[in-house]
There are 4 protein chains.
Amino acid sequence: MDVGFIGLGHMGSGMARSLIRAGHGLLVWNRSPAPAERLEAEGARRAADPAEAFQAEAVFTMLADDHAVRQAILDSGALERARPGVVHIMSSSISLAFSQELEAAHAKAGVAYVAAPVLGRPDVADAGELNVLAAGAPDAVERVRPLLEAIGKRVWPIGEAPHQAHLVKLAVNFSLAAAIETMAEAFALVRRYDLDPGILRDVLTGTLFAAPAYKTYGDLIVEQRFEPALFKLPLGLKDVRLALEAGEAVHAPLPFASVMRDNFLDAIAHGDAEKDWSAVSRVAARRAGL
Amino acid sequence: MDVGFIGLGHMGSGMARSLIRAGHGLLVWNRSPAPAERLEAEGARRAADPAEAFQAEAVFTMLADDHAVRQAILDSGALERARPGVVHIMSSSISLAFSQELEAAHAKAGVAYVAAPVLGRPDVADAGELNVLAAGAPDAVERVRPLLEAIGKRVWPIGEAPHQAHLVKLAVNFSLAAAIETMAEAFALVRRYDLDPGILRDVLTGTLFAAPAYKTYGDLIVEQRFEPALFKLPLGLKDVRLALEAGEAVHAPLPFASVMRDNFLDAIAHGDAEKDWSAVSRVAARRAGL
Amino acid sequence: MDVGFIGLGHMGSGMARSLIRAGHGLLVWNRSPAPAERLEAEGARRAADPAEAFQAEAVFTMLADDHAVRQAILDSGALERARPGVVHIMSSSISLAFSQELEAAHAKAGVAYVAAPVLGRPDVADAGELNVLAAGAPDAVERVRPLLEAIGKRVWPIGEAPHQAHLVKLAVNFSLAAAIETMAEAFALVRRYDLDPGILRDVLTGTLFAAPAYKTYGDLIVEQRFEPALFKLPLGLKDVRLALEAGEAVHAPLPFASVMRDNFLDAIAHGDAEKDWSAVSRVAARRAGL
Amino acid sequence: MDVGFIGLGHMGSGMARSLIRAGHGLLVWNRSPAPAERLEAEGARRAADPAEAFQAEAVFTMLADDHAVRQAILDSGALERARPGVVHIMSSSISLAFSQELEAAHAKAGVAYVAAPVLGRPDVADAGELNVLAAGAPDAVERVRPLLEAIGKRVWPIGEAPHQAHLVKLAVNFSLAAAIETMAEAFALVRRYDLDPGILRDVLTGTLFAAPAYKTYGDLIVEQRFEPALFKLPLGLKDVRLALEAGEAVHAPLPFASVMRDNFLDAIAHGDAEKDWSAVSRVAARRAGL
């Protein structure tokens, strides 16, 4: 299949490589040229601008945030000039409100729109082992299924409204942040009783919480290993804020998210903005006098 | 080994049966006679009072709360009349402050004291598959290790101070309550966007949260299956309160526990006291207008 | 003095009338014509658009929110065509970020910019008895002081950066919301002990809390008199959100504001969006089972 | 009237002096003798123990907490040996649960029980200018009204159940703590925008919050004047905890109290236990990086 790809950060480059490996023809664009040049060396062609990437049969967008997507997709006029029949696959983690705005813009331009945010870090993207959360009109999702299967080990059907996939992505990241805060408070508590938090981590991850979320972040927090950051702390704040905004739009209070928002701010105010988001655990420790 | 057993509720009876199965001689006591009679039929002898149970080589206590333990162990004079060399194994989930008071009382009476609270429900206790959190003087723990291994599939060494095991038990239950609240908020959020919460549960438990805590309670919350209660809601409130009190004693704020305490009260005020503690999830749903 | 006035809602009309009464010549504009016609009958002249109002010596803006101000002041080109030497007085309650953006836009256009948000309701505005929070370059504030004194019983000098006055306005409304929530929780508590909350209100407002905030809202909450709304509940949510956003920009956690945000959402989810913002007190009562 | 007085701390001594000044005969007791000797020099007689003080026509108790009251009143057997017809006036700030226990103990002993906690600091007590919150059976309150009027500038009738007066006292202190936290957050916010918090304090206390609570604590917080402590921080924690416990007993969530509890713990963990309770404001400042 002839596939456009907009946005070649760590995640996007990994996903593009998976597509090349699966035999698809790639037409890539990135704001800064270096990542596009690297993929050219691996067999991709380069697009001059985002609009050109929309001349393929399907096109992925994997950009940093609402603002970058707005510039590349809406402000560029890419939708209006899109090749008839193209399916646009939005893998960026964007806000609910913007995802809903994009649904309307695609409908107006007559471009099929599928949301496919992913779970997994860059190394997982490189290996084509992501979990893909797919939502959109069933026939559109069906047409791009081979592409989604190329980047992920599993494609999760979420619903027919693309923003529902972005909602689930936000809910998963909210749950991760809550797991981090839960361990942060529990570890601070046991430390104040002179107990090694590694013992509590072992009990949790050896019994009822034997899951990647607790194992990965439990280790980082116990070992206070927050650098290099896999996911920087302000990105955690952003996702919690997006969850709060999604809740506000439908009048759903999220008191855990409110607590976490305050803690992320506290962490940034204390100079931890460059650390991994699990460094928000330092707030619970500091507040307990540790 | 000759083993006393005080407290034959669902959990205690299951643990006692595991000990009988492992070939130990049981001397049991319970406030109401029926459970003791049932175990007598299975080969146990009955003690006339808690103090008699302290005439064995080791004695378990598995009672409901601080108050019941205080009556049976401290007010009864059982410690003062204990057989020399007996090891007292406290499996009840009690408060940190009371566990520390018991440490002092045992030291004064010259009775060895091991804390061994357990993770698992009655059916797990029946099967001898509990996770046992063991803390106490190493030689005392060593002497009763065969008993702990008889009731559990795994014995977790926690530390030398018995109250540390009770602390870990509280921290695990705090983490469970936090997982319930996390799903409650996330499920309420997606429901307000007309998404089946079962889809989010599947994504969570199929990816980063593939652990018993999320699977068990995710199902109960999605299916709104809160009766019969495996662990009643006021017991959840009690454990959160014990965590808050343990934090207060060492000046450790626990903002997630504070949110949960308020929610458990809200749930009870709305008539859900007889339901499973996962029914606290109805608070997030109700507050979102669901 | 020749004074433009943009925005003739209840507050704006009252302020404009105070200026007329003080002998100033008014040049008024409003999106819908009726309020402008009424003021014309009282001696004002009408401007064809916001830009025309900027041809006076000073011009007030009293519009509903960021969006309305952006349209009337920035998108209209009013600043670029402003009469040289005009002082623009922003009395709207706007976000901190937008106030800072307006500072930059005025500096670029060479238009003097004074912030003068006010405390007081429409009847207070009608009487010229507002409290005026004034911030801006000292010479600009000095030039419009007679105008500020015409609309207010007192002009509070806040600082030299206009956004600081908007910040103080947000802080005052945050404090009002907190007083409402404080009484809501305290009244719910005493009601659960069968005590008339009017007794607690009398003690509070007769002793340490003998202030308008507690008297006004204490009465409304005790008497459950939430209609007609003096300040609608979603406006309270808006101001709390603006405080949270102002805090987020400088990494200042505001846990009370977080609690209030969740409660305002809960109130709206329960159908109280048309009521006075003190109806948020129903949340604490409902959660206590009242 | 012949009046017993148990507990001669700063508050109790001031109240006792007011009674002497009003011409009543005082029979005083205190655990440590010095304060009783001082009052003897001012005309009081000394009682050998609390029970002797119950031989007067009325007897006040003004002790530090539940524990001290339990020892002096319940454990001492004072109630059983009380002079027939004596009215016991409880001015200590005690927990709701204990106040209810005392109601039952007095009913059993046939001793009239009036609750009369007070608002005001020691200097106000010295001047006889306290606000007295009176609750109890109407005839009992009537009999001791001259005494209540001697210690207070105003007697507030609260209800017929004594614990309701203690409840109102808790609610007032909860409201004070909430006012402190409100200013703490608002002041931290404006400081992060380089605004002198004294300006916000002036606006608040000059307009809608012109009340002693905001004036007194606003000054202390702006001037960071936390020593000498008028009311030590752990006492603030205690009162918030008592409010939370009172709420828990009737299933009333108090989310503001939950936030404050966490902040008082944070303050103590950071070494501020000897400071005035308004030093809890340092938590909001510290969390904002100030």
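The values are calculated or read from the model by the stated rules, or taken from the named source; none is laboratory data. All of these numbers come straight from a predicted model, not from anything done at the bench. Backbone-built Cβ (ideal geometry, glycine too); neighbour counts: all protein chains shown. To get the accessible areas, we keep the full protein, side chains included, count just its heavy atoms, and leave off ligands, DNA and RNA. Shrake-Rupley method; radii C 1.70, N 1.55, O 1.52, S 1.80 Å.
The table below lists the values:
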read-out: Selected from D:Ile20, D:Ile180, D:Ile199 as most flexible by GNM, with chain D as the system and alpha-carbon contacts under 10 Å; value: D:Ile199
read-out: In sequence order, calculated HN-Hα J values of region B:165-174 (Karplus, 6.51, -1.76, 1.60; Hz; x Gly/Pro); value: 5, 5, 4, 5, 4, 4, 5, 5, 5, 4
read-out: Two-site FRET efficiency, D:Glu40 against D:Ala104, from Cβ-Cβ distance with R₀ of 30 Å, rounded to 0.05; value: 0.30
read-out: Amide proton proximity set for A:Gly120, modelled H, under 5 Å, gap of 5+; value: none
read-out: Chain A: relative contact order as a whole-number percent, Cα under 8 Å and 6+ apart; value: 14
read-out: Fluctuation leader among A:Val141, A:Val28, A:Val168 - chain A, Gaussian network, Cα springs under 10 angstrom; value: A:Val168
read-out: For chain D, projected area of the alpha-carbon convex hull averaged over all directions, nm²; value: 15.4
read-out: Karplus (6.51, -1.76, 1.60) ³J(HN,Hα), θ = phi - 60°, over region A:141-148, in Hz, Gly and Pro reported as x; value: 4, 4, 4, 9, 3, x, 5, 4
read-out: Shielding by partners - mean other protein chain Cβ count within 10 Å, residues of D:190-199; value: 6
read-out: Alpha-carbon centroid distance for the pair region A:65-101 / region C:230-276, whole angstrom; value: 31
read-out: Alpha-carbon Debye profile of region A:192-290, log10 I(q)/I(0) at 0.18 Å⁻¹; value: -0.94
read-out: Mean Cα-pair separation over length for region C:1-116, i.e. relative contact order, pairs under 8 Å, 6 or more apart, %; value: 25
read-out: Per-selection metrics, region D:62-135 (Cα): Rg and Dmax in Å; value: 12.9, 37
read-out: Residue-averaged [θ]222 nm for chain B, counting only DSSP H segments that reach four residues, each worth -39500 (n - 2.57); value: -16500 deg cm²/dmol
read-out: Chain D: most fluctuating residue of D:Pro255, D:Pro35, D:Pro122 per GNM, C-alpha cutoff 10 Å; value: D:Pro255
read-out: Accessible area per residue, Å², region D:143-263 with all protein chains present, probe 1.4 Å; value: 31
read-out: Cβ-based charge dipole, region B:141-290, positive-most Cα from B:Leu200, B:Phe264, B:His166; value: B:His166
read-out: Projected label distance in nm at B:Asp2 and C:Leu290, using a 7 Å step from Cα toward the beta-carbon; value: 6.2
read-out: Fraction of beta bridges assigned by DSSP in the protein assembly as shown that are antiparallel (%, nearest 5); value: 15
read-out: Reachable lysines from A:Lys153, criterion Cα separation under 18 angstrom, eight or more residues apart if same chain; value: A:Lys169
read-out: Amide proton proximity set for B:Ala134, modelled H, under 5 Å, gap of 5+; value: B:Trp156, B:Ile158
read-out: Residues B:Asp49 and D:Ala48, FRET efficiency given R0 of 60 Å [Cβ-Cβ distance, rounded to 0.05]; value: 0.90
read-out: Electrostatic dipole magnitude of chain B [Cβ: Lys, Arg +1; Asp, Glu -1; Cα centre; debye, to 20]; value: 200
read-out: Spin-label pair A:Ser32/C:Glu149, simplified geometry with 7 Å Cα→Cβ offset, distance in nm; value: 5.8
read-out: Region A:103-185, relative contact order [Cα under 8 Å, separation at least 6], %; value: 29
read-out: Per-residue average of Cβ from other chains inside 10 Å of B:24-30; value: 0
read-out: Viscosity 1.567 mPa s, 4 °C: Kirkwood-radius Stokes-Einstein D of region B:1-134 over Cα pairs, µm²/s; value: 90
read-out: Ranked by how many other beta carbons lie within 10 Å on average, peptides A:147-153, D:13-19 from highest; value: D:13-19, A:147-153
read-out: Peptide-level mean, for B:280-289, of C-beta atoms on other protein chains within 10 Å; value: 5
read-out: Largest-first principal axis extents of the Cα set of region B:1-70 (Å); value: 32, 22, 18
read-out: Cα gyration tensor of region C:38-100 - equivalent ellipsoid semi-axes, whole Å, descending; value: 20, 15, 11
read-out: Region B:158-233: Cα Rg divided by the 2.2 N^0.38 Å rule of thumb; value: 1.31
read-out: Phi to ³J(HN,Hα) by Karplus 6.51 cos²θ - 1.76 cosθ + 1.60 over region D:122-132, Hz, x for Gly, Pro; value: x, 5, 6, 5, 4, 7, x, 10, 5, 9, 10
read-out: Calculated SAXS-style log₁₀ I(q)/I(0) at q = 0.06, 0.07 Å⁻¹ - the protein assembly as shown, Debye, Cα scatterers; value: -0.58, -0.78
read-out: Cut-off under 5 Å, modelled amide H: who pairs with D:Val87 long-range; value: D:Ala58, D:Val59
read-out: Values of log10 I(q)/I(0), in the order q = 0.14, 0.18 Å⁻¹, for region A:120-251 under a Debye, Cα-only, solvent-free model; value: -0.80, -1.12
